[in-house]
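All remarks here apply to the structure that follows.
The values are calculated or read from the model by the stated rules, or taken from the named source; none is laboratory data. All figures in this text were calculated on a predicted structure; none of them were measured in a lab. All Cβ positions, glycine included, derive from the backbone under ideal geometry; neighbour counts span all protein chains shown. Just so you know, the surface numbers come from the protein's heavy atoms only, side chains and all, with ligands and any DNA or RNA stripped out. Shrake-Rupley method; radii C 1.70, N 1.55, O 1.52, S 1.80 Å.
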Amino acid sequence: MTTNIKDIHKHNRVGPIFRGGELATAAIDALEEDNPDKEFTIEDRAAYIRVETDHECIIRRKTMEEILGRPFEMQELEVILGSFSGQIEAEQEYVRFYFDTKI
Amino acid sequence: MALLNRSDWYDIARDTNWTPKYVTEEELFPKEMSDCFDVPREKWETYDEPYKTSYREYVKVQREKDAGAYSVKAALGRMKFLDSADPGWKSILKLHYGGIALQEYAAGMAEATMARFGRAPGMRNMATFGLLDETRHGQIQLYFPHEYVSKDRQFDWAHKAMHSNDWAAIATRHAFADIMSGRDATSVALMLTFAFETAFTNMQFLGLAADAAEVGDVTFSNLISSIQTDEARHAQIGTPALKILIENGHKEGAQKLVDIAFWRNWRLFSVVTGPSMDYYTPLAKREKSFKEFMIEWIVGQFERNILDIGLDVPWYWDTFLEDLNTTHHGMHLGVWYWRPTVWWDPAAGASPDERDWLEEKYPGWNDTYGKCWDVIIDNIKNGREDLTLPETLPIVCNMNHLPIVGVPGKKWDVRDHYLDYKGRRYHFGSKVDRWVFEQDPDRYAGHQGLIDRFLAGKIQPANLEGALKYMGLQPEDCGKDAHDYAWVWNYNKPDKVAV
Ligand SMILES: [Fe+2]
Ligand SMILES: [Fe+2]
């Protein structure tokens, strides 16, 4: 690791950390679709998948429905949302991960 | 019948800030139970929980989570995995369940404190779900190990440990009482939900889940990561509370509570998660080192979040970063040496290959911790197991109640940080532990650690045998080397003679 450990927390990466499975795959597809201008990094550790992008991203309920081809309530995401980086805004139509500040 | 959108009724349903008629506001929400900062009620009304749920959604989602966890357990027929599991991994399970299951119930009581005494309606609402979450965590983590009790009585400690005076139980109770049962609702929101549940629970419930998946313990991996999805939700009780405190001029006080809780949790997890990841997990199955997981979850994720919400890094941040290289190695050495005093069988994790890994992850390990293991290895080889076993008790810290550790070998830095207060000398494992004590000395001063009890004559006979009895350990419960020293004989293989 070349980064100085004292600087490791100075970043702007946000995003969900999912437990694996079909729903996680759909949610990652939804992230790509709902945030077309963002690049995502995906770290898959079997038990969890860390998905991160710069500063802000959103997952919309409607996008999840389109991808899954069935009705979807945003709250269902909780079953796989083990953690997240950044702050969260979990509403009925979307979930958003973000930072207020930029470093 | 079509249901209303949650957002159409949520604000009205949540608003339970009635004006009391028969008692005063202060009687309904006493400062010492509700909010030690005494932020006015109308300020608390701006509290908006960022991760909302409703009872209907909660029941549906929790049912699905439980169905997942229990069906994986049933489908995989756990007993077979356990039979073939590495003894080091079994020790991780025993340590996890004994150290955590009953504290989940205690966490439920802390959620109940916020559900009743929280100043914001949204906090009370989310904490009610949090209370149900913690009840689930207590029950499920007693149920899963229960089937092993008939095979291995150390698993009985899943239920027993927290009721005992084992040193590890004293340390755990002391730390959690300090951030949960011994605090007002607002402090609980900061110290438990923010500083603990958005930080260290990720280490034990997701980081360790990654190792569990590698090892093939799908049931455990699935169970603990499922638990963490509850944590991710109710951990968000703290964020809006922190923002309100900062907005109302209490940044310094809030920072102090977060710093205390963070440090206390760090020390506790250095003895639980540290040895589990770097020594007990079979070498080939280690996803990352403890330090690497700490960098991912705590340094990278949690600490960045602290800044975003408006706090600063703790004043001891540099010390903490240094400790990532050392503390848990010392804790591990202590736990292994005092193995008869724990309810699991510590894996040494010090075979030649494992040492290579440790040296790579922690440069200098061989010249420091390795020196102690060299002596242990020689003693075992020479048939002197007795020299690798304790005859007395270690000095423990009067704050974290864990052995006082430092770096041995070439970088020797072991020292006692002490403080004299009201005619008594207190010993601390670090300057930060002493700082915690100094923030509120009378809060901590009356507590007797294991060594204090020993010196006060409460442990009889006053030797290791008496101490084991006091800790509730029967001879069959007492920890042994997990691999019965098989790792020592790897040093006899020709290509490793030089070690
Ligand atoms: Fe919990
Ligand atoms: Fe919790």
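Translational diffusion of segment B:363-499, estimated by Stokes-Einstein from the Kirkwood radius over alpha carbon pairs at 4 °C in a medium of 1.567 mPa s, is 72 µm² per second. Each label was represented as a point 7 Å from its Cα along the Cα-to-Cβ direction; for A:Glu32 and B:Arg425 these points are 6.5 nm apart. Angle, helix B:238-247 long axis vs. longest principal axis of chain B, Cα atoms, 0 to 90°, nearest 10? The angle comes out near 60 degrees.
Computed from Cα atoms, the angle from the helix B:369-381 axis to the main principal axis of chain B rounds to 50 degrees.
Quick check: at a probe of 1.4 Å, how many percent of the accessible area of chain B sits on carbon and sulfur atoms? That share works out to 54 percent. Mean per-residue shielding of peptide B:49-58 is 4, counting Cβ atoms of other chains within 10 Å of each Cβ. Just to confirm my numbers, what's the Cα centroid distance between segment B:143-173 and segment A:66-103 in Å? Going from one Cα centre to the other spans 37 Å. Ligands, DNA and RNA aside, A:Ile58 has an accessible area near 20 Å² when probed at 1.4 Å. For the protein assembly as shown, the extents of the C-alpha atoms along the principal axes are 77, 58, 49 Å, listed from largest to smallest. Surface analysis of chain B yields an accessible area of 39 Å² per residue, using protein heavy atoms and a 1.4 Å probe.
Label zone (B:Asp416, point 7 Å along Cα-to-C-beta; backbone nitrogen cut-off 16 Å) within segment B:445-488: B:449-456. The modelled label-to-label distance between B:Asn490 and B:Glu322, using points 7 Å beyond Cα along the C-beta direction, is 3.2 nm. Karplus-based coupling profile of segment B:420-427, in residue order and whole Hz: 9, 9, 6, x, 10, 9, 10, 10, with θ = phi - 60° in 6.51 cos²θ - 1.76 cosθ + 1.60 and x standing for Gly or Pro. When B:Val149, B:Val188 are compared by accessible area of protein heavy atoms, the largest-first order is B:Val149, B:Val188, using a 1.4 Å probe.
The A-B contact accounts for roughly 3900 square angstrom of buried accessible surface, both chains included, probe 1.4 angstrom.
In segment B:306-322, which residues give up 50 Å² or more of accessible area once the other protein chains are added, compared with their chain alone (1.4 Å probe)? Output list: B:Asp308, B:Leu321.
Ranked from largest to smallest solvent-accessible area, with a 1.4 Å probe on the protein heavy atoms, B:Glu214, B:Glu391 come out as B:Glu391, B:Glu214.
Modelled spin labels at B:Leu387 and B:Arg63, positioned 7 Å past Cα toward Cβ, are 6.5 nm from each other.
In this structure, B:Asp8 and B:Ser71 have a Cβ-Cβ separation that, at R0 = 25 Å, corresponds to a calculated FRET efficiency of about 0.10.
Against the longest principal axis of chain B, how steep is helix B:87-117, in degrees 0 to 90 to the nearest 10, with axes from Cα atoms? For helix B:87-117, the angle is close to 20 degrees. For segment A:65-84, heavy-atom accessible area (probe 1.4 Å) falls by no less than 20 Å² from the chain alone to the full protein assembly at A:Glu73, A:Gln75, A:Glu76, A:Glu78, A:Val79, A:Leu81, A:Gly82, A:Ser83, A:Phe84. Peptides B:15-28, B:299-312, B:251-264, B:417-430 ranked from most to least packed, by the mean per-residue count of other Cβ atoms within 10 Å: B:251-264, B:299-312, B:417-430, B:15-28. Think of a 1.4 Å ball rolled over the protein heavy atoms: segment A:12-98 then has 40 Å² of accessible area per residue. With the cut-off at 23 Å, tell me which of the pairs B:Lys291/B:Lys381; B:Lys43/B:Lys251; A:Lys38/B:Lys288; B:Lys361/B:Lys381; B:Lys90/B:Lys288 have Cα atoms farther apart than that. Checking Cα-Cα distances, B:Lys291/B:Lys381; A:Lys38/B:Lys288; B:Lys361/B:Lys381 exceed 23 Å. When a/c reaches 1.5 or more, the comparison of a/b and b/c decides; with that in mind, is segment B:259-301 rounded, prolate or oblate per its Cα gyration tensor? Cα axes put segment B:259-301 in the oblate bin. For B:Lys256, the lysines whose Cα falls under 19 Å of its own Cα, not counting residues fewer than eight places away in the same chain, are B:Lys31, B:Lys243, B:Lys431.
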